[in-house]
Structures are given as structure tokens and as C-alpha cells.
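The values are calculated or read from the model by the stated rules, or taken from the named source; none is laboratory data. Here the structure is a predicted model, which means the values were calculated and not measured. Cβ atoms come from the backbone with ideal geometry, glycine included; neighbour counts cover every protein chain shown.
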Amino acid sequence: MIKINLPFGHGSISVNVPDKNYAGTIMPSESEVTKDGNSLIKAAMENPVNCKHLSEIVTPDASVAIIVSDTTRPTPTAQMLPLLFEELYRGGIRDENIKIIFALGLHRNQTNEEMERIIGVDIYRRILCIEHDNSRCRHIGKTSRMTPVEILEDVLDADIIICVGNIEFHYYAGYSGGAKAILPGVSSRKSIIANHKMMIDEKASTGRVDSPVRQDMEEAAQQVGVDFILNVVLNSKKEIVYATAGHVIDAHRMGVLQVDKMYKINSEPVDVVIVSPGGYPKDINIFQAHKALDNAKNVVVKGGTIIIAAQCCEGFGNAVYEHWNNESKTPDDAIIRFKSSFEFGGHKAALIAQLAKKYDLYLVSDLPDVDAKNAFFIPAGSVQEVLDRVLNEKPDAKVCMMPYGGLTLPVSR
């Protein structure tokens, strides 16, 4: 037997796979961390890509908007901000001229405790911090794809706009990070929906910088006038292994090269894939956990089995998504509804419904069985229970493990 541990919430679960069935574990191509995260961030700040140093961009009287990730993202913002502030202070910026904005997009509001944890106690208590508010966006134009560019007024009114985030795979924007802090991060609902409608394009998929969704995001960010980004790449232990700073697109692409090097993994199709999004916060709800499911589909044969272990301590994670699941009696109901009327949140129901028609989808979580069934999964008490059942029916089935499915992208050899 091969024993594999899978991240699950803040802990882990284990599963035993018979030697004859074990086809391997898809892990990030991570080398040992030789430099600490602070050193990497400082080096990136000292060598900005296609951009002046931040201290040269700002002036003492300038107002600064720093856009940061919300609680659904693993960005180590509390580690990044002090070094960013050092550079701002070198440019003469005063605390009263700085505003930190949490990029919620269409996500829920956060608690004070969550915001304090994200950016660190000291900065949270010294600097004005606000959350994105969809009702306070101002129209400044349209992209070439006719997406309205409607941005939070606090961002537009700032003299200097800085985006802080992390870069990893994203299932329709290609990659996270960079311009994504602007659209959807601090954009209106109308802008976000117009942008996200492009996810039905065949190029709108994981690991593609030519995704029309990302291209649209970056066009919007350029219209807004983002002055500087600071992005990091994390390993599976959530340690910083790479940092990039500077131009909103060019610096982002440097991070993309690092993500591809670490997380695009050559693989062969198998009968069963067992996947974890990577633990908290990537398995905080089904809405977020789906990203690992989308990556896992690349390594399983059609008609095969996907077992996803995701705690989902916050349930569905999106009210619209939950309504669609409760109202769609079959996968086809969700798919047909999505094609006739796009609604953000409903897209998740349709995407999982498409997978449910191609594979046997099992979900091991803390969700009630009825919720898992409504989301087109087969609820299960444990990964081992499902695997033993599948191998009893298919003794020669090949099984692959993906402990960090939210990070790793299997690709054909």
C-alpha cells in the first residue's frame, strides 16, 4: 500500500492505495527554498520590471491606493506590505495619504478580524482600510471587447494605484494576479459580469495568458492606470518562492513563467484521480474548491472517477450558485439555463454540471449530503471508502493523487 496525505481544511486526511493501482502523485516541481520571502520581495522591489522604482513614482503629497486580496486568497499580504511601505516612505509618502482597499469583486464582506489578519495588526491600526463597494463605482470607458470599465471611486481618485497579490493558475482567466486586482477586484457588478461572460470562449482556460478574460482585465487595468504591482508565487507550503514587481502586465508575465515551471506537470490519463484543493483557504467552499476539480479533469479518462476532498466550512460560497444548485434538478437544467441567461455564480453550477456528465464526481466534505447532491456530486464519508468501492468494481483501475489540485495543472506529455 501507498499512503498519501491530503490537505483538508486546516488539517489533513490520508488514503491508502494498492501498489498495483498507484499511478503516481502529481506534485509541484518545487526545489528547496534557498532565500527567505523578504529577500525575494526586496530584490523584486529593487529591480522592477519595465517600471521605475516605486519610491521614484510617488511624491510626498500623492494619494496612494493599495489594492490587496481578500480572505479567499492565500496571498501573504501581511509579509509583503511592510516592505512595500518602506519603499513608499523612501518616496516621502505619509500614512494619512495611504488607503488600503480589499479587492472583493463579488465576494462577501469580511470581518474586522479577517482584515486585520490579512494585512497585519500594525498596518491595520495605522492605515485607513476599506472594502470594495460595488455601489460606488464610476464609469470611465469600455474595453475593445465592450466591457464597461467601472471602478471603485476610491481607486480612481488616487494619484498612485498599486496592486498586491499572488500568481497561480485560474480556470478561466488563465492566471490570477496582476490586473485581476482591478477587474474583478474593484469593479462594478456590470463590469465583472461582462468580463466573466467570456469564460465560454475555448481560450478561456487554465494556464493561458491569451485567455480573452485576462486580456480584457489587462486592458481595463491599463485604462485605469495601474502604476505598480507587487506579486508573489507560493509553493505548496504557502512559502514565497518568487516575487515580481513593476509594470502591471510585464511584471506579471515574469511570475507566470515561474508558475508554469513549478506547476505545469506532464502526466498520463488515469481511471481515478483523488484531488484536494490544497486545504484552507482553497477548500473554504465549493465555489473555490471547483478550481482543483477543473485541473483534475485533465488527468482522468472520460467516464472515469474524480474524488475531491474539500472541507467547505463555508458551504457553497456564493448565494447565486447555491440558488442555481437548489433549483436545477439535473445537470442539464443548469447547463441549459447558463446558455440562455448568464448569471455570475450560476456559471459554477453549469461548469460542475458539465463535469458530472463526463465523470463520476465524489465529494468528501463537511457539507450535508443533500447539498453535495444538489451540487451534482455523489456525497461520501471518506476518500478511502470511495476508492475501495471503485477498486472492487474495477480491480485494475489506475489511481493518481493530486494533493495540491488548486496549484498543479496536469498536461499531456
Residue match in the stretch 44-64 (condition: at pLDDT below 95 and within 30 Å of L407 (Cβ to Cβ)): no
Number of positions in the stretch 271-295 that are surrounded by 22 or more Cβ atoms within 10 Å (Cβ to Cβ) and assigned to a strand (DSSP E or B): 4
Residues located in the stretch 317-342, provided they are crowded, with 16+ Cβ neighbours inside 10 Å and more than 20 Å from K357 (Cβ to Cβ): G317, N318, V320, E322
Criterion (small (G, A, S), more than 30 Å from R108 (Cβ to Cβ) and surrounded by fewer than 24 Cβ atoms within 10 Å (Cβ to Cβ)) met by exactly one of A380, A372, A397, A356: A397
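For (1) over 25 Å from E218 (Cα atoms); (2) of a type outside the set (D, E, K, R); (3) surrounded by fewer than 19 Cβ atoms within 10 Å (Cβ to Cβ); (4) assigned by TED's automatic domain parsing to the domain that holds E314, each residue gets a yes or a no:
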position	(1), (2), (3), (4)
L88	no, yes, no, no
L128	yes, yes, yes, no
H170	no, yes, no, no
K203	no, no, yes, no
Residue ranges of helices (runs of 4 or more DSSP H) in the stretch 296-413 with at least 1 members under 26 Å from I193 (Cβ atoms): 319-327, 331-340, 346-358, 369-374
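Which is over 25 Å from the mean Cα position of the chain (by Cα), assigned by TED's automatic domain parsing to the domain that holds S276, of a type outside the set (F, W, Y) and under 19 Å from S267 (Cβ atoms), of V300, V399, V386, V370? Before you say what the answer is, go through the steps one by one.
Details: V300 fails: over 25 Å from the mean Cα position of the chain (by Cα); V386 fails: under 19 Å from S267 (Cβ atoms); V370 fails: under 19 Å from S267 (Cβ atoms).
Of the residues listed, the single one that is over 25 Å from the mean Cα position of the chain (by Cα), assigned by TED's automatic domain parsing to the domain that holds S276, of a type outside the set (F, W, Y) and under 19 Å from S267 (Cβ atoms) is V399.
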Sole exception among (1) under 24 Å from the mean Cα position of the chain (by Cα); (2) closer than 23 Å to L183 by Cβ; (3) not hydroxyl-bearing (S, T, Y) for R138, by number: (1)
Residue among H247, H252 that is on the phi < 0 side of the Ramachandran plot, in contact (Cβ under 8 Å) with a residue 24 or more places away in the chain, of a type outside the set (D, E, K, R) and out of contact with any Ser or Thr (no Cβ under 8 Å at 6 or more places or on another chain): H247
Given (1) more than 21 Å from L40 (Cβ to Cβ); (2) hydrophobic (A, V, I, L, M, F, W, C); (3) surrounded by fewer than 23 Cβ atoms within 10 Å (Cβ to Cβ); (4) in contact (Cβ under 8 Å) with a residue 12 or more places away in the chain, number of the condition V241 does not satisfy: (1)
Within the stretch 182-205, tally of residues that are within 24 Å of I162 (Cβ to Cβ) and either in a loop (DSSP other than H, G, I, E, B) or within 18 Å of the chain's Cα centre (by Cα) (or both): 9
Options N21, N47, N16, N38: the member that is surrounded by fewer than 17 Cβ atoms within 10 Å (Cβ to Cβ) and closer than 26 Å to V364 by Cβ: N16
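Run down E168, E202 and say which single residue is in contact with a helix residue (DSSP H, G or I) (Cβ under 9 Å, 6 or more places away or on another chain) and acidic (D, E).
Of the residues listed, the single one that is in contact with a helix residue (DSSP H, G or I) (Cβ under 9 Å, 6 or more places away or on another chain) and acidic (D, E) is E168.
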Flag for I151 being surrounded by 24 or more Cβ atoms within 10 Å (Cβ to Cβ), in contact (Cβ under 8 Å) with a residue 40 or more places away in the chain and closer than 24 Å to T71 by Cβ: yes
Filtered residue count, the stretch 56-71, keeping only those that are closer than 17 Å to D95 by Cα and either out of contact with any Asp or Glu (no Cβ under 9 Å at 6 or more places or on another chain) or surrounded by fewer than 22 Cβ atoms within 10 Å (Cβ to Cβ) (or both): 9
In the stretch 322-355, the residues that are of a type in the set (G, A, S) and under 22 Å from the mean Cα position of the chain (by Cα): G345, G346, A349, A350, A353
